[in-house]
Amino acid sequence: MKKNTTGKKGLFKNLRIQVLFFCIVFANTLTAQPGPPRGPIVLAADDTEAFPHAPAGFDKKRENIMHGKTDSVQYDSKIVGTRRKLLIYTPPGYSAGKKYPVLYLLHGIGGTEREWYKYAEPDAILDNLYAEKKIVPMIVVFPNGRAMKNDADTGNVFSREKMEAFANFEKDLLNDVIPFVEANYPVIKDRESRAIAGFSMGGGQSLNFGLGHLDTFAWIGGFSSAPNTKKPDELVPDPAGAAKKIKLLYLSCGDKDGLISISQGVHRYLKENKVPHIWQVIAGSHNMTMWVNDLYLFSQRIFR
Ligand code: FER
């Protein structure tokens, strides 16, 4: 017999499902922030380019030069309780007999440790700079900044759990990633030999963790930083003390990026409080075209 779905009971059941669905959607709007904040982009007179754009071909593989190598490795994360992945770039001419500084380079909300390589060739940018003697030989570590058991870039990447995992990565980075890198690679273990940078969520992480741990990092870059960025006076509560410790603080954003007010807020606070930094606003929105240029500009200025 055909089940009666239009009867009172069926209708009530449908209503219950609808209410449940509404609650999930509503809870999600409270806990997650889907999409960049809308709000007008208001540019100020000093929201300009600090450096010219990288020359054509800066991010394309060249055949006639030496190349670095990128490996996928795993480390034990005590914080997460799993073995987690990292990509590690070692520079051209890499030798275990030398000692290198390390750049920790972070990804955005929709990616993993592979995101830089998915949309660009960061190794080509670094190899080309190295061939032109414009960069200090360095190891570059690409961690997965979503510190949770399932750290894949699938499902609702804006969920509260995943947002918290991006914040939780602070502990994983300091307690697990850095000690792993320093135990297994020939690296210099001081603050002036550690840099942290990233784009969007990774930009927010770099500012939060870098400025929050100036005894660990001296070179910090936030590219198109996302709303996970702490408020300026929380990021830099002691401007004079921070100014003494920071070797480079690089902030950038596209002039058509809906997230620019976050970076503008940090820049203005730093300017008012006399914390030296680079403020780089370039034509463009929120995408890898911006971040490869940032990597080109930032990597040349660190460890010097
Ligand atoms: C948001 C908009 C964008 C947000 C995060 C992002 C935390 C991150 C974007 C990215 O990493 O590309 O409202 O909230």
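The values are calculated or read from the model by the stated rules, or taken from the named source; none is laboratory data. Please read these numbers as outputs of a predicted model, since none were measured by experiment. So basically every Cβ, Gly included, is an ideal-geometry build from the backbone, and we count neighbours across all protein chains shown. Accessible surface areas use protein heavy atoms only, side chains included; no ligands, DNA or RNA. Shrake-Rupley method; radii C 1.70, N 1.55, O 1.52, S 1.80 Å.
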Query - Long-range neighbours under 8 Å by Cβ, at least six apart or interchain, first residue touching a residue at least 60 places away in the same chain (Cβ under 8 Å) and more than 26 Å from Lys189 (Cα to Cα) within the range 100-117, second of a type in the set (Phe, Trp, Tyr) and near the ligand (Cβ under 9 Å from one of its atoms) - result: Gly108/Phe199; Ile109/Phe158; Ile109/Phe166
**Report entry** So Asn128, is it touching a residue at least 60 places away in the same chain (Cβ under 8 Å) and under 24 Å from Ala226 (Cα atoms)
**Finding:** no
Query raised in the report: So which of Leu126, Leu103 ends up being aliphatic (A, V, I, L, M), under 13 Å from the mean Cα position of the chain (by Cα) and more than 15 Å from the ligand (Cβ to nearest atom)?
Result: Leu103
Query raised in the report: Filter the range 243-272 for residues that are open to solvent by 60 Å² or more (accessible area, probe 1.4 Å) and not small (Gly, Ala, Ser); which is nearest to Pro52 (Cα to Cα)?
Result: Lys256
Report task. Answer yes or no as to whether Ala195 is touching a residue at least 12 places away in the same chain (Cβ under 8 Å) and open to solvent by less than 30 Å² (accessible area, probe 1.4 Å). Result -> yes
Query raised in the report: So which helices (runs of 4 or more DSSP H) are wholly in the range 194-255 and hold at least 3 residues that are of a type in the set (A, V, I, L, M, F, W, C) and more than 16 Å from the ligand (Cβ to nearest atom)?
Result: 239-245
Requested in this report: Filter the range 118-150 for residues that are open to solvent by 30 Å² or more (accessible area, probe 1.4 Å), touching a strand residue (DSSP E or B) at 6+ places or on another chain (Cβ under 7 Å) and within 19 Å of Asp71 (Cα to Cα) and give the result.
Outcome: Pro137
Requested in this report: Hey, can you tell me all the residues within the range 118-160 that are assigned to a loop (DSSP other than H, G, I, E, B) and hydroxyl-bearing (Ser, Thr, Tyr)?
Outcome: Thr154, Ser159
Query raised in the report: Within the range 161-193, can you find the residues that are among the aromatic types (Phe, Trp, Tyr), outside any loop (DSSP other than H, G, I, E, B) and over 15 Å from the mean Cα position of the chain (by Cα)?
Result: Phe180
Query - Set Lys78, Lys85, Lys9, Lys13: member being at pLDDT 95 or above, open to solvent by 100 Å² or more (accessible area, probe 1.4 Å), more than 16 Å from the ligand (Cβ to nearest atom) and among the basic types (Lys, Arg) - result: Lys78
Requested in this report: Could you please let me know if Ala240 is open to solvent by 30 Å² or more (accessible area, probe 1.4 Å), of a type in the set (A, V, I, L, M, F, W, C) and modelled with pLDDT of 95 or more?
Outcome: yes
Report summary line: Those residues of the range 158-174 which are of a type outside the set (Asp, Glu), under 23 Å from Gln74 (Cα atoms) and open to solvent by less than 30 Å² (accessible area, probe 1.4 Å) amount to Lys162, Ala165, Phe166, Phe169, Leu173
**Report entry** Contacts under 8 angstrom Cβ, first residue in the range 234-259 being within 11 Å of Ala218 (Cα to Cα), partner within 16 Å of the ligand (Cβ to nearest atom), 6 or more apart
**Finding:** Leu248/Gly221; Leu249/Gly221
Query raised in the report: Counting just the residues of the range 63-75 that are within 13 Å of Leu129 (Cβ to Cβ) and open to solvent by 70 Å² or more (accessible area, probe 1.4 Å), which one comes out farthest from the chain's Cα centre (by Cα)?
Result: Met66
Requested in this report: May I ask you to verify whether Gly93 is part of a loop (DSSP other than H, G, I, E, B), open to solvent by 10 Å² or more (accessible area, probe 1.4 Å) and away from the ligand (no atom under 16 Å from the Cβ)?
Outcome: yes
Requested in this report: Tell me which residues, restricted to the range 283-304, are more than 16 Å from the ligand (Cβ to nearest atom), of a type outside the set (D, E, K, R) and either open to solvent by 10 Å² or more (accessible area, probe 1.4 Å) or in contact with a Ser or Thr (Cβ under 6 Å, 6 or more places away or on another chain) (or both).
Outcome: Ala283, Tyr296, Gln300, Phe303
Report task. Consider Lys274 carefully, then state whether it is of a type outside the set (S, T, N, Q) and farther than 25 Å from Val136 by Cα. Result -> yes
